[in-house]
Amino acid sequence: MLVVMQEGAPETQVQAVIDRLVSLGFTIHRSTGVRHTILGGVGPRDEFDPLDFEMMQGVKEAHRIVSPYKLANRTFKPEGTVIEVNGVRFGSNELVVMAGPCSVEGERQIQVAAAQVAACGARVLRGGAFKPRSSPYSFQGLAEEGLRLLRAAADAHGLLVISEVMDRSQLPLMLPYVDILQVGARNMQNFSLLKDLGEVRKPVLLKRGLAATLEDLLLSAEYLLSGGNYEVLLCERGIRTFETATRNTMDLSAIPVLQKLSHLPVVADPSHGTGRRDLVAPMARASVAAGAHALLIEVHPDPPAAFSDGPQSLFPDQFADLMAQLRIIAGAVGMTMAQGKGA
């Protein structure tokens, strides 16, 4: 159920509609836009007539939401969601770049990486402290020590921190260190984790699963939104197909489709999307042209020596060249490049 209030409707009228929805068993989610307050009611499937709400004072229109994802739906917030984290805005006309190594390997490595990406204009430092690896013998991350090093490096260079949470038990440990919590492709449908993240008041970047449809992704986002966390970033990171030339098949069409279906900001990850260093820059450029609000890119001071994902990590000079190209493309599609302290 979606109720759009008239422009300037007083709070008494808004509250009257909320009370009516609650009396029918709906859970209410409120979105205040530039001109209208929108009330999303999630709950009973019993018959009710939207016309009853349209007759109430202050109501502009009322609709049933037939989509299975109610709160992630574009109709809930037609103007789009903008998520601001310490001055960095996701979902606006500013392109935000998040960059850094796949995993935190040590103090010098992450400090050097932070300095390099900040100097090129990145706003967020990425790096894994807990690593989901296919093999139990691969590097699994430095855990809390990795989080501490990541936070220190980001603070030293004026960056935010994004890092992956793998399990609900890691949340209390991660919250003091991380500005944006990343849910990886393997955990997109870890519903226990999503429910806990719905209660967290920090942004969550939700990656599309390896074989997930866009509806699957939006339904996973719905878990976060229905829990009360409205700061959700949708990330296209490639899906698994029969193609073997790349690590994954990056679905660029997902970017404009998601923007049509949902109000949530869309992020592209060309590093995991292709798994090949030589393809990261072309797909990053194409992602911006397709309308991505932000990019997540792996950059390592010495990719051949990386503990994980070296083949898809850019060298620092490659990243610098890419950032210069992205500024041009962003301008061509009506965006600007968000500038960091180091740029």
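Table for the structure above
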{"read-out": "Subset tally (residues that are assigned to a loop (DSSP other than H, G, I, E, B) and buried (at least 17 other Cβ atoms within 10 Å of the Cβ)) for region 164-208", "value": "11"}
{"read-out": "From the options 21, 71, residue that is outside any loop (DSSP other than H, G, I, E, B), modelled with pLDDT of 90 or more and not basic (Lys, Arg)", "value": "21"}
{"read-out": "Any chance residue 247 is crowded, with 16+ Cβ neighbours inside 10 Å and not aromatic (Phe, Trp, Tyr)", "value": "yes"}
{"read-out": "Pairs with Cβ under 6 Å, 6+ apart, first in region 178-194 and under 9 Å from residue 205 (Cβ atoms), second assigned to a strand (DSSP E or B)", "value": "180/162; 180/205; 181/204; 182/162; 182/164; 182/205; 183/206"}
{"read-out": "Breaking point among (1) surrounded by fewer than 18 Cβ atoms within 10 Å (Cβ to Cβ); (2) at pLDDT 95 or above; (3) more than 15 Å from the chain's Cα centre (by Cα), for residue 284", "value": "(1)"}
{"read-out": "Qualifying residue in region 219-229 (condition: farther than 22 Å from residue 40 by Cβ and either basic (Lys, Arg) or touching a residue at least 24 places away in the same chain (Cβ under 8 Å) (or both))", "value": "no"}
{"read-out": "Residue among 222, 215, 243, 231 that is modelled with pLDDT under 95 and not β-branched (Val, Ile, Thr)", "value": "243"}
{"read-out": "Filter result for the condition that a residue is closer than 30 Å to residue 230 by Cα and buried (at least 18 other Cβ atoms within 10 Å of the Cβ), over 253, 308, 271", "value": "271"}
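Let's see how each residue does on (1) within 22 Å of residue 262 (Cα to Cα); (2) touching a Phe, Trp or Tyr at 6+ places or on another chain (Cβ under 9 Å); (3) of a type in the set (D, E, K, R):
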site: 40; (1), (2), (3): yes, yes, no
site: 47; (1), (2), (3): no, no, yes
site: 50; (1), (2), (3): no, no, no
site: 53; (1), (2), (3): no, no, no
site: 63; (1), (2), (3): yes, no, no
site: 66; (1), (2), (3): yes, no, no
site: 69; (1), (2), (3): yes, no, no
site: 72; (1), (2), (3): yes, no, no
site: 78; (1), (2), (3): yes, no, no
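The values are calculated or read from the model by the stated rules, or taken from the named source; none is laboratory data. Here the structure is a predicted model, which means the values were calculated and not measured. Counting neighbours? That spans all protein chains shown, and the Cβs are built from the backbone with ideal geometry, glycine included.
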